[in-house]
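**Q** Below you will find the structure I want to go over with you.
Values in this text are rule-based calculations from the coordinates and carry no lab data. Keep in mind that this is a model prediction, so the values were computed, not measured. Cβ placement follows ideal geometry from the backbone for every residue including glycine, while neighbour counts extend to all protein chains displayed.
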Amino acid sequence: MTQCPNKERNLEFCTCTYDCNRRGLCCDCVAYHRDKGEIPGCFFTKSGEASWDRSPRKFCQDRV
Ligand code: SF4
């Protein structure tokens with residue numbers, strides 16, 4: 001896993017509630033979800049994030 005000098009600061013703003021070893025490692029998080037055609041949890045509303053569905057479809061439902 002990546003060593004990131006910003007991890008502690010990133011964790012202060014991470015809104016993801018999924019138990020994941022990428023939390024605070026935003027580059028890894030974005031790359032992981034991008035490769036799956038998904039969107040990281042912090043882009044969703046609180047309730048949308050809680051669904052743990054990171055699909056673009058869910059994102060549109062969440063944000064419209
Ligand atoms: S959005 Fe995905 S990769 Fe990022 S911390 Fe949450 S579960 Fe992990």
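**Q** For the stretch 21-36, take each phi angle, set θ = phi - 60°, evaluate the Karplus expression 6.51 cos²θ - 1.76 cosθ + 1.60, and give the result in whole Hz per residue in order, putting x for glycine and proline.
**A** Computed from phi, the couplings for the stretch 21-36 are 7, 9, 4, x, 10, 4, 4, 5, 4, 4, 4, 4, 6, 4, 4, 9 Hz.
**Q** Can you tally the net charge around Q61? Count Lys and Arg as +1, Asp and Glu as -1, for every other residue whose Cβ sits under 15 Å from the Cβ of Q61.
**A** Numbers: positive: K46, R54, R57, K58, R63; negative: E38, E49, D53, D62.
Around Q61, the surrounding residues sum to +1.
**Q** Here's a follow-up. Explain nothing, just the number: relative contact order of the chain, from Cα pairs under 8 Å at least 6 residues apart, as a whole percent.
**A** On the way: 62 pairs, mean separation 17.2, N = 64.
Reported as a whole number, the value is 27 percent.
**Q** Based on the Cα atoms of the chain, what semi-axes does the equivalent ellipsoid have, where each is the square root of 5 times one gyration tensor eigenvalue, given in whole Å with the largest first? Walk me through the numbers before you get to the answer.
**A** Details: eigenvalues 88, 33, 15 Å².
Output for the chain: semi-axes of 21, 13, 9 Å.
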